[in-house]
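S.K.: Quick one: this structure, given as structure tokens, is what I'll be asking you about.
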Amino acid sequence: MLSPEAFHINSPFLESIGMSKRVGINVYLKMESSQPSGSFKIRGIGHLCQKVAGPGSKGVVCASGGNAGMATAYVARKLNIPATIIVPSSTPELIKEKLKDQGATVRVVGKVWDEANDEAMCLTETEGLTYVPPFDHPLLWQGHASIVREIKASLPSKPGGVVLSVGGGGLLCGVVEGMKEVGWDSVPIICMETRGADCLNSAIKAGKIVTLPDITSKAQCLGAKTVCSQAFEYSRKGNMSIISELVTDQQALEAVEIFLDEERVLVELACGAALAAVYCGVIQRLQVEGQLPSPLAGPLVMIVCGGSSVNQAQLRHLRKVLN
Ligand code: PLV
């Protein structure tokens, strides 16, 4: 169980009329975009930091596509310890500013997250900083699992499916653990990635963990080259019912825009990947193909993972580059 001093909030759980109309069954949104750091990452990182970064800590270091960094910086500020966030050069200026506003020291290292992470690991050795992993740690997954407990407390019946985005797979691991805990093992989890940041999908296709040659998606918060091994294990047949699907960056962007219009909330491309499951017809196609029952066995739950790396200017920029 999480300590009562958890850093996250019990996020809103809202019915989406627009999405429900599209899939013909009630769709609920778990609004992780409302978390203090802007995404679900605060759940796992808050929990982990409470365990590993005591008052004697020299500080924490996290390599991040942005949102794990935001969560780390937020928690460190609350714990009164310094935070160093290493971001890859693909990180928009806007999130670097937000990280500094949280009081963090920001450094840009490497082109993609994996390279930034090498530097973060290095700093744990040379400067004695406490390493905060963005997705690959059991304490993170324990923290993320609280999402499912909250959903269970709000939902009258067992869901027919849960939709989420996958970067390095930490959210997936946490949701799987939460679902096991509440007895929802049989509920399908639809895992969404963008093409070019598809490390889970590539691993499933190859039957083993693979490292992507590069990250070519603009959803850089999904841009881990290698999925964590626990997420891959969960995706193997016979474990949970895990379905892996891909959308293009353009579809993720379209989903971000529809969501903004219909739900009046702005989220990152990384989150748009999950929303595209409904807005771009992935769920409906899976039903036609028989991979999901039609109608679904219960309401569909969307984990609206959020993300701070977006504003109107960034949205305009994405529209231009993804045209
Ligand atoms: N973002 C990580 C990893 O980046 C980060 O450093 O912030 N949705 C949003 C808004 C995210 O920021 C992330 C992860 C995910 C989904 C995917 O979560 P994961 O990594 O636990 O699968 C490289």
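S.K.: Assuming R0 = 30 Å, can you tell me the calculated FRET efficiency for the pair Arg319 and Glu289, based on Cβ-Cβ distance, to the nearest 0.05?
M.R.: 0.45
S.K.: Over what distance in Å are the Cα centres of the range 40-87 and the range 163-181 separated?
M.R.: What the calculation gives is 20 Å, centre to centre.
S.K.: In whole angstrom, how far apart do the alpha carbon centroids of the range 187-209 and the range 100-117 sit?
M.R.: Between the Cα centres of the range 187-209 and the range 100-117 lies a distance of 26 Å.
S.K.: Under the rule of -39500 (n - 2.57) per DSSP H run of 4 or more residues, summed and divided by the residues of the chain, what mean residue ellipticity at 222 nm is obtained, to the nearest 500 deg cm²/dmol?
M.R.: -13000 deg cm²/dmol
S.K.: Taking only protein heavy atoms and a 1.4 Å probe, what accessible area per residue, in Å², does the range 1-151 have with all protein chains in place?
M.R.: For the range 1-151, the per-residue accessible area is 40 Å².
S.K.: Rounded to whole Hz and in sequence order, give me ³J(HN,Hα) for the range 51-65 from the Karplus expression 6.51 cos²θ - 1.76 cosθ + 1.60, θ = phi - 60°, writing x for Gly and Pro.
M.R.: 7, 10, 10, x, x, x, 5, 6, x, 10, 10, 9, 9, 8, x
S.K.: Moving on to the next point. Label points 7 Å out from Cα along the Cβ direction at Ala6 and Glu262: separation in nm?
M.R.: Rounded to a tenth, the inter-label distance reads 2.8 nm.
S.K.: Here is a further query. What order do Val52, Val210, Val75 take when sorted by accessible area (1.4 Å probe), most exposed first?
M.R.: Result of the area sort, largest leading: Val52, Val210, Val75.
S.K.: Would the range 42-131 count as rounded, prolate or oblate if I go by the C-alpha gyration tensor, calling it rounded below 1.5 in a/c and otherwise prolate when a/b exceeds b/c, oblate otherwise?
M.R.: Verdict is oblate for the range 42-131.
S.K.: Evaluate 2.2 N^0.38 Å with N set to the residue count of the range 279-320, then give the Cα radius of gyration divided by it.
M.R.: Against the empirical 2.2 N^0.38 Å value, I get 1.73 for the range 279-320.
S.K.: Moving on. Between Glu93 and Ser186, with labels modelled 7 Å along Cα→Cβ, what's the label distance in nm to one decimal, could you check?
M.R.: For the pair Glu93/Ser186, the computed spacing is 5.4 nm.
S.K.: Considering only the other residues whose Cβ falls under 15 Å of the Cβ of Ile209, what net charge follows from Lys and Arg at +1 and Asp and Glu at -1?
M.R.: Here the count lands on -1.
S.K.: How do 256-265, 130-139 rank on mean C-beta neighbours within 10 Å, highest first?
M.R.: Going by the mean number of other Cβ atoms within 10 Å, highest first, we get 130-139, 256-265.
S.K.: Given the options Lys21, Lys158, Lys100, state which has the largest fluctuation in a GNM of the chain using a 10 Å cut-off (strictly under) for Cα springs.
M.R.: Sorting by GNM fluctuation, first place goes to Lys21.
S.K.: How large is ³J(HN,Hα) for each residue in the range 108-122, as worked out from phi by the Karplus curve 6.51 cos²θ - 1.76 cosθ + 1.60 (θ = phi - 60°), to whole Hz, x for Gly and Pro?
M.R.: 9, 9, x, 8, 10, 3, 4, 6, 4, 5, 4, 5, 4, 4, 4
S.K.: Measure up Lys58/Lys100; Lys51/Lys218; Lys78/Lys158 against 26 Å on the Cα-Cα distance and list the ones that go over.
M.R.: Exceeds cut-off: Lys51/Lys218; Lys78/Lys158.
S.K.: Relative contact order (percent) for the chain, with alpha-carbon contacts under 8 angstrom and 6 or more residues of separation?
M.R.: RCO, the chain: 20 percent.
S.K.: Something else about it: I'd like to compare 294-301, 9-16: which one has the highest average count of other Cβ atoms within 10 Å, and what's the full order after that?
M.R.: Descending mean neighbour count gives 294-301, 9-16.
S.K.: Provide Arg43, Arg77 ordered by accessible surface of protein heavy atoms (probe 1.4 Å), highest first.
M.R.: Sorted descending by solvent-accessible area, the residues read Arg77, Arg43.
S.K.: Just need the relative contact order of the range 100-202 here, percent rounded to a whole number, with Cα pairs under 8 Å and 6+ apart.
M.R.: 24
S.K.: With a 1.4 Å probe and all protein chains kept in place, how do Lys98, Lys30, Lys41, Lys218 rank by accessible area, largest first?
M.R.: Most to least solvent-accessible, the answer reads Lys218, Lys98, Lys41, Lys30.
S.K.: On to the next question. Of the beta bridges DSSP finds with both residues in the chain, what % are antiparallel, to the nearest 5?
M.R.: Here the share of antiparallel DSSP bridges comes out near 10 percent.
S.K.: Roughly what percent of Cα-Cα pairs across the chain reach past 38 Å?
M.R.: Within the chain, distances greater than 38 Å cover 8 percent of Cα pairs.
S.K.: For the range 42-131, give the percent of accessible area contributed by carbon and sulfur heavy atoms, probe 1.4 Å, rounded to a whole number.
M.R.: 49
The values are calculated or read from the model by the stated rules, or taken from the named source; none is laboratory data. The structure displayed is predicted, hence computed values, not measured ones. Don't worry about glycine lacking a Cβ; one is built from the backbone with ideal geometry, like all the others, and counts go over all protein chains shown. Accessible surface is based on the protein model in full, side chains and every heavy atom, while ligands, DNA and RNA are left aside. Shrake-Rupley method; radii C 1.70, N 1.55, O 1.52, S 1.80 Å.
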